[in-house]
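Some notes on the structure that comes next.
The values are calculated or read from the model by the stated rules, or taken from the named source; none is laboratory data. Computed from a prediction, not measured in an experiment: that's the story for all the values here. Reconstructed Cβ throughout: ideal geometry from the backbone, glycine too, with neighbour counts over all protein chains shown.
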Amino acid sequence: MTATTSSPSQPLPSGRCIIVTGGASGIGLAVTRLLLSEGAAVAVLDRDAAALTHLRQGADGAKVLAQEVSVADPPAVDRAVDRATKELGPPWGVVTCAGIVRDKTLLKLTDDDWRSVLDVNLSGTFYAMRAAALRMKEPKGLGGRMVAIASIVGLRGGFGQANYAASKAGVVALVQTAAKELGRFGITVNAIAPGFVRTPMTAQYGETLEEACKAESPMGTVCEPEDIARSVRYLLSPEAGHITGVVLRVDGGQAIGA
């Protein structure tokens, strides 16, 4: 029997523009760093001015355009993508990582709790995808990749997370619809559904929830942002060129339980 060896991953298109929303912290920052390390030109849209400054200072010559933008503001998103197109070239990819939580049980959720989470997590994903798609489809035939960060909560619900679960379920439906509509332009559209990921956003829940999520996982672990970033990288890569409309769970088996 002849031994086989695994071939190295094919490189991402060198120097091509990839837009990352929420790219200055958490999962988005891990994605940004990985893409920059592979030679991509990354346009980061994030509302955290301090985190954006830190990102710029640490770029060390990498091609990064960091813009202070709320993804819930469609004209601001369009302006940011337009600037990225002018300075870095037409976007070849977009990764939507921006997200917030406002956890309360259904009877305690306020109108603002509901709207703010849907505005950022779902509408913000749509605004970024729409702005990028308008520029990715021309010139015809360039193609590209879209990856949206969903959540296993969007697939199964979550106690005290009606707004968050609805927003992430909406992201899944948006991704599957966009995959149908944009395929003719050579654009793939996929989602990643993480379980619990150790980020500044989830740190507010403390160790109790993290330990509960570990117990729920067959592997007894929780994800790090870099685990999600590597999965994003795969869906952006040439190897994933025939994958679209897929929701990839990256949760250590948390959704199936221990």
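Identify all residues within region 67-79 that are surrounded by 16 or more Cβ atoms within 10 Å (Cβ to Cβ), part of a helix (DSSP H, G or I) and either in contact with a His (Cβ under 7 Å, 6 or more places away or on another chain) or free of Cβ contacts under 8 Å to residues at least 40 places away in the same chain (or both); write none if there are none. Of everything in region 67-79, just one residue is surrounded by 16 or more Cβ atoms within 10 Å (Cβ to Cβ), part of a helix (DSSP H, G or I) and either in contact with a His (Cβ under 7 Å, 6 or more places away or on another chain) or free of Cβ contacts under 8 Å to residues at least 40 places away in the same chain (or both), namely ALA76. Kindly establish whether THR85 is buried (at least 17 other Cβ atoms within 10 Å of the Cβ), among the polar types (S, T, N, Q) and within 18 Å of VAL147 (Cα to Cα). It is false that THR85 is buried (at least 17 other Cβ atoms within 10 Å of the Cβ), among the polar types (S, T, N, Q) and within 18 Å of VAL147 (Cα to Cα).
The set of residues in region 211-258 being over 25 Å from VAL175 (Cα atoms), outside any loop (DSSP other than H, G, I, E, B) and among the hydrophobic types (A, V, I, L, M, F, W, C) consists of ALA212, CYS213, ALA215. Within region 155-175, residues that are farther than 19 Å from THR96 by Cβ sit with their Cβ atoms under 8 Å from residues that are small (Gly, Ala, Ser) and surrounded by fewer than 20 Cβ atoms within 10 Å (Cβ to Cβ), at 6+ positions apart or across chains, in these pairs: ARG156/ALA255.
When you go through GLY28, GLY39, GLY58, GLY22 one by one, which is the residue that is in contact with a Gly (Cβ under 8 Å, 6 or more places away or on another chain) and surrounded by fewer than 24 Cβ atoms within 10 Å (Cβ to Cβ)? Don't jump to the end; show me each part of the working.
Numbers: GLY28 fails: surrounded by fewer than 24 Cβ atoms within 10 Å (Cβ to Cβ); GLY58 fails: in contact with a Gly (Cβ under 8 Å, 6 or more places away or on another chain); GLY22 fails: surrounded by fewer than 24 Cβ atoms within 10 Å (Cβ to Cβ).
Result of the check over GLY28, GLY39, GLY58, GLY22: GLY39.
Looking across region 248-258 at every residue that is over 16 Å from ILE27 (Cβ atoms) and surrounded by 15 or more Cβ atoms within 10 Å (Cβ to Cβ), the one that is modelled with the highest pLDDT is identified as GLY253. Which residues, taken from region 147-163, are crowded, with 23+ Cβ neighbours inside 10 Å and closer than 11 Å to ASP113 by Cβ? Once the filter is applied, which keeps residues that are crowded, with 23+ Cβ neighbours inside 10 Å and closer than 11 Å to ASP113 by Cβ, region 147-163 yields only ASN163. Would you pick out the residues in region 232-243 that are surrounded by 20 or more Cβ atoms within 10 Å (Cβ to Cβ) and either acidic (Asp, Glu) or under 15 Å from THR199 (Cβ atoms) (or both)? VAL232 - this is the single residue of region 232-243 that is surrounded by 20 or more Cβ atoms within 10 Å (Cβ to Cβ) and either acidic (Asp, Glu) or under 15 Å from THR199 (Cβ atoms) (or both). Name every residue in region 232-258 that is more than 12 Å from THR188 (Cβ to Cβ) and out of contact with any helix residue (DSSP H, G or I) (no Cβ under 7 Å at 6 or more places or on another chain), in order of residue number. Listed by number, the residues that qualify are ARG249, ASP251, GLY252, GLY253, ILE256.
ARG115 satisfies every condition listed in (1) in contact with a helix residue (DSSP H, G or I) (Cβ under 8 Å, 6 or more places away or on another chain); (2) modelled with pLDDT of 95 or more; (3) more than 26 Å from LEU35 (Cβ to Cβ) except (1). For the condition under 19 Å from the mean Cα position of the chain (by Cα), among the hydroxyl-bearing types (Ser, Thr, Tyr) and either closer than 28 Å to LYS137 by Cβ or at pLDDT below 95 (or both), what is the one hit in THR208, THR199? Criteria check complete, one pass: THR199. In region 202-210, is there at least one residue being under 22 Å from VAL20 (Cβ atoms) and either touching a His at 6+ places or on another chain (Cβ under 8 Å) or in a loop (DSSP other than H, G, I, E, B) (or both)? No - not one qualifying residue is present in region 202-210.
Of all residues assigned to region 180-191, at least one qualifies as being touching a residue at least 40 places away in the same chain (Cβ under 8 Å) and on the phi > 0 side of the Ramachandran plot.
Under the condition of being part of a helix (DSSP H, G or I) and within 14 Å of the chain's Cα centre (by Cα), which residue from region 171-196 is surrounded by the fewest Cβ atoms within 10 Å (Cβ to Cβ)? Only one residue fits best here, namely VAL172. Taking first residues from region 198-226 that are buried (at least 16 other Cβ atoms within 10 Å of the Cβ) and partners that are among the polar types (S, T, N, Q), the Cβ contacts under 7 Å between residues at least 6 apart in sequence or on separate chains come to CYS213/GLN254; LYS214/THR221; GLU216/GLN254; SER217/GLN254; PRO225/THR199.
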